[in-house]
Amino acid sequence: MERPLTNHIDKGREPLNLAEYERVGGYKALRESLTSLTQENILQLVKDSNLRGRGGAGFPTGLKWSSMPSSSNSPRPRYVIVDADEMEPGAFKDRILIEGNPHQLIEGMIICAYVVDSEIGYIFIRSEYTLAAKRLKRAIAEAYEKGYLGFNILGSGFNFELRLHISSGRYICGEGTALTNSLEGNRAVPRHKTPRQTESGLWGMPTLLNNVETLCNIPHIVDKGAEWFKSLSKCKDGGTKIFGVSGKVKKPGAWELPMGTTIREILEEHAGGMRDGVRFRGVLPGGGSTEFLVEQHLDVQMDYDSVQKAGSRFGTGTMIALDDHTCPVGMVHNLESFFARESCGWCTPCREGLPWTARILKAIEDGRGEPDDLKVLESHTKLLGPGRTFCALAPGAMEPLQSALKFFREDFERHITDKRCPWR
């Protein structure tokens with residue numbers, strides 16, 4: 001099976017330097033883009049590839065790029081931003097790509113900037129990713145020295161400056177407009193959804209925001225074509241995906257596999273199944289802000305549409321497995337405490353509702369729960385749900401809670417009737 005994203009990543013060694021990256025075909029796609037292809041050619045390739053954004057929302061990448069206004073009718077500068085903040089609980093795929101092959105991201109970003117006629121780009125990376133930032137700085141310097149960044153790249157007349165921005169480290173920066181506010185030096189809070197960022201984003205200028213894994217696919221699509229990219233997948237969404245598993249499995253980690261690989265294959269074949277002595281109970285398929293899927297869902301394909309039909313979200317594709325020796329109430333309490341702490345406080349339902357939810361869950365876990373607490377938690381899943389808050393942080397936080405109340409309700413009730421956590 002082809003693994004274009006991770007083929008040249010070896011965690012036992014330093015990432016490829018620029019010369020090594022070129023020897024395995026690196027920057028070939030950029031050269032072809034700037035010398036042989038038009039912006040329209042590349043945009044159509046990306047559309048035809050069925051590449052969907054790998055940051056969680058799954059929006060078609062080519063359609064997103066085409067939403068940038070015409071460069072002849074819009075103000076300048078035009079910006080491209082890479083979201084490398086990656087603070088979703090359970091997610092670590094972007095770190096693997098940056099630490100393992102930073103030039104792949106840089107090349108994809110330059111091609112993207114060329115297509116949308118952007119002259120300045122930012123990589124917005126979380127402050128804890130110190131090794132990833134160090135390797136990106138070195139790779140960016142190499143790219144400048146070779147002429148892949150800066151003025152008149154490869155004699156094409158295209159100019160592109162790339163800067164690395166170390167984030168202050170907040171989960172809310174996973175929301176695109178909050179990231180933009182933070183990059184401007186302002187408080188990381190979300191903006192109104194209109195106008196769109198492609199029309200008025202960073203400093204009021206047209207701005208395109210993409211995920212790390214999304215852009216790492218671009219050089220391969222340009223080099224080998226849309227049909228090749230679609231052939232890598234087991235579903236209508238093109239390409240491969242870096243799937244991850246954490247929890248009490250025998251081999252936690254991440255693997256590049258075809259889009260549409262089943263949950264069962266990822267858990268049992270690649271993660272080695274559950275550890276000896278524990279049994280599978282459920283999984284959060286796309287990180288901490290997605291709904292639980294259980295044993296009846298093990299044969300669901302991991303792609304955006306299939307996971308949604310099963311009642312959850314594909315999200316980041318990085319799973320968190322729940323076993324029968326781990327308290328589901330305690331697990332959800334841990335997640336809700338995280339989301340409550342990371343709320344930016346911009347809107348009342350999120351600012352007040354998430355801490356309230358976390359306090360109720362702690363009381364239940366500590367043996368102080370009351371029967372009516374479950375009704376209050378259920379009401380929160382609706383009052384903090386989609387359309388009730390300024391952004392998607394609180395609705396996402398409610399997904400593991402509402403599905404836990406559905407699939408593991410007996411565990412909640414047992415905590416309340418026995419006045420203790422059975423796993424303690």
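Each value in this text was obtained by applying a stated rule to the coordinates, not by laboratory testing. None of the values given here were measured: they were computed from a predicted structure. Ideal geometry is used to build each Cβ from the backbone, glycine not excepted, and the neighbour counts take in all protein chains shown.
What to note about this one:
- Looking only at residues of segment 116-150 that are of a type in the set (Phe, Trp, Tyr) and buried (at least 18 other Cβ atoms within 10 Å of the Cβ), we find that the one that is nearest to PHE160 (Cα to Cα) is TYR148.
- Spans of helices (runs of 4 or more DSSP H) in segment 1-104 with at least 2 residues among the basic types (Lys, Arg) and more than 28 Å from ILE166 (Cα to Cα): 28-35
- Residue within segment 243-260 that is among the basic types (Lys, Arg), farther than 19 Å from PHE92 by Cβ and either in contact with a Lys or Arg (Cβ under 6 Å, 6 or more places away or on another chain) or assigned to a helix (DSSP H, G or I) (or both) present: no
- Among the residues of segment 134-180, the ones that are outside any helix (DSSP H, G or I) and without any contact (Cβ under 8 Å) to a residue 24 or more places away in the chain come to 5 in all.
- Screening LEU183 on (1) touching an Asp or Glu at 6+ places or on another chain (Cβ under 9 Å); (2) under 17 Å from TYR122 (Cβ atoms); (3) buried (at least 18 other Cβ atoms within 10 Å of the Cβ) shows it passes everything except condition (1).
- Taking the criterion of being surrounded by 20 or more Cβ atoms within 10 Å (Cβ to Cβ), over 29 Å from the mean Cα position of the chain (by Cα) and of a type in the set (Val, Ile, Thr), the only residue of segment 361-403 that qualifies is ILE364.
- Among the residues making up segment 192-229, those that are surrounded by 19 or more Cβ atoms within 10 Å (Cβ to Cβ) and either assigned to a loop (DSSP other than H, G, I, E, B) or without any contact (Cβ under 8 Å) to a residue 40 or more places away in the chain (or both) are GLN197, THR198, GLY201, PRO206, ASN217.
- Residue list for segment 269-312, filter: more than 16 Å from ASP324 (Cα to Cα), more than 22 Å from the chain's Cα centre (by Cα) and of a type in the set (D, E, K, R): GLU269, ASP299
- Subset of segment 283-299 [within 23 Å of ALA392 (Cβ to Cβ) and either in contact with a His (Cβ under 6 Å, 6 or more places away or on another chain) or of a type in the set (Asp, Glu) (or both)]: GLU291
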